Amino acid sequence: MTSTASLAEALHVPADVQDLLFRDARTANSFSDEPVSDEQLQAIYDLVKWAPTSMNTQPLRALVVRTPEGKERLLPHMSEGNRAKTASAPVTVVLAADTDFHEKLPKTFPHKPDAKDLFAGDEGAREGFARLNSLLQVGYFIIGVRAAGLAAGPMTGFDNAGVDKEFFADTKWKSLVVVNVGKPGENPWFDRLPRLDYDEVVASV
């Protein structure tokens with residue numbers, strides 16, 4: 001098996017950047033009270049927006065929850081094991097898929113004027129399309145948080161229907177992932193669990 005150091009040399013970005021974004025990055029389970037600024041969130045999105053999506057649809061939407069009132073509305077919908085960490089995070093972002101993404105296609109896919117019409121009238125198909133492409137953007141969001149020097153705590157343990165009713169009742173947004181964002185707090189890490197090796201997951205033909 002090739003060593004990590006040798007593999008790092010095969011990549012274009014420096015090893016310390018690789019470590020920041022991937023090897024040393026962890027899912028935080030507690031957070032300090034150091035605030036996360038609007039400028040940091042905007043800088044994160046400035047990376048996220050470059051994620052690839054089919055027909056450049058960009059269906060990901062984000063709700064930033066940082067006020068006590070917002071947390072009080074969100075916490076009852078989180079799984080019991082996720083409530084304390086969500087309460088401690090300075091910012092929690094609900095990432096959602098917009099099933100009305102096609103309304104923005106005149107801006108995001110301008111060279112095909114009838115692109116919006118391809119998705120009109122079939123909300124079920126749009127929802128599946130939006131979820132798949134939004135999840136590509138979710139991956140970029142987590143990397144963007146790490147690039148900002150912050151820890152991301154992505155969670156799928158929550159009541160999607162409850163969150164959607166609480167926050168998105170007047171929209172076509174569908175919640176996907178809730179991500180706590182901030183500087184790690186006290187004892188933030190669980191033990192690192194094993195990862196599968198290259199030969200276990202990669203096939204060639």
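The values are calculated or read from the model by the stated rules, or taken from the named source; none is laboratory data. Quantities reported herein were computed from a predicted structural model and do not represent experimental measurements. Because the Cβ atoms are built from the backbone with ideal geometry, glycine has one as well, and the counts that use them run over all protein chains shown. Areas reflect the complete protein model, heavy atoms only, side chains present, ligands, DNA and RNA absent. Shrake-Rupley method; radii C 1.70, N 1.55, O 1.52, S 1.80 Å.
In segment 109-123, what residues are of a type outside the set (Asp, Glu) and either open to solvent by 50 Å² or more (accessible area, probe 1.4 Å) or outside any loop (DSSP other than H, G, I, E, B) (or both)?
If we filter segment 109-123 for residues that are of a type outside the set (Asp, Glu), which is where we start, we get 109-113, 115-116, 118-121.
Across segment 109-123, the qualifying residues are Pro110, His111, Lys112, Pro113, Lys116, Leu118, Ala120, Gly121.
Scan Arg73, Arg66, Arg83 and give me the residue that is of a type in the set (Lys, Arg) and out of contact with any helix residue (DSSP H, G or I) (no Cβ under 6 Å at 6 or more places or on another chain). Let's see the steps before the verdict.
Values: Arg73 fails: out of contact with any helix residue (DSSP H, G or I) (no Cβ under 6 Å at 6 or more places or on another chain); Arg83 fails: out of contact with any helix residue (DSSP H, G or I) (no Cβ under 6 Å at 6 or more places or on another chain).
That would be Arg66, the only listed residue that is of a type in the set (Lys, Arg) and out of contact with any helix residue (DSSP H, G or I) (no Cβ under 6 Å at 6 or more places or on another chain).
Could we say that Asn180 is surrounded by fewer than 18 Cβ atoms within 10 Å (Cβ to Cβ) and of a type in the set (S, T, N, Q) here? For Asn180, the condition - surrounded by fewer than 18 Cβ atoms within 10 Å (Cβ to Cβ) and of a type in the set (S, T, N, Q) - is not met.
The residues of segment 120-171 that are of a type in the set (Ser, Thr, Tyr) and more than 18 Å from the chain's Cα centre (by Cα) amount to a single one, Thr171. Pro106 satisfies every condition listed in (1) surrounded by 21 or more Cβ atoms within 10 Å (Cβ to Cβ); (2) closer than 16 Å to Gln58 by Cβ except (1).
The set of residues in segment 1-19 that are among the charged types (D, E, K, R) and either at positive phi or open to solvent by 80 Å² or more (accessible area, probe 1.4 Å) (or both) comprises Glu9, Asp16.
How many of the residues in segment 50-66 are open to solvent by less than 70 Å² (accessible area, probe 1.4 Å) and either without any contact (Cβ under 8 Å) to a residue 24 or more places away in the chain or of a type in the set (A, V, I, L, M, F, W, C) (or both)? Give the derivation first.
If we filter segment 50-66 for residues that are open to solvent by less than 70 Å² (accessible area, probe 1.4 Å), which is where we start, we get 51, 53-65.
From what is left, the residues that are either without any contact (Cβ under 8 Å) to a residue 24 or more places away in the chain or of a type in the set (A, V, I, L, M, F, W, C) (or both) are 51, 55, 60, 62-65.
Adding up the residues that qualify gives 7.
No other residue among Ala43, Ala89 is among the hydrophobic types (A, V, I, L, M, F, W, C) and open to solvent by 40 Å² or more (accessible area, probe 1.4 Å) apart from Ala43. Among the residues of segment 1-55, those that are assigned to a loop (DSSP other than H, G, I, E, B), modelled with pLDDT of 95 or more and more than 20 Å from Met155 (Cα to Cα) comprise Glu34, Pro35, Ser37, Lys49, Trp50, Ala51, Pro52, Thr53.
The number of residues in segment 124-172 that are over 30 Å from Glu186 (Cα atoms), open to solvent by less than 60 Å² (accessible area, probe 1.4 Å), aliphatic (A, V, I, L, M) and out of contact with any Asp or Glu (no Cβ under 7 Å at 6 or more places or on another chain) comes to 1.
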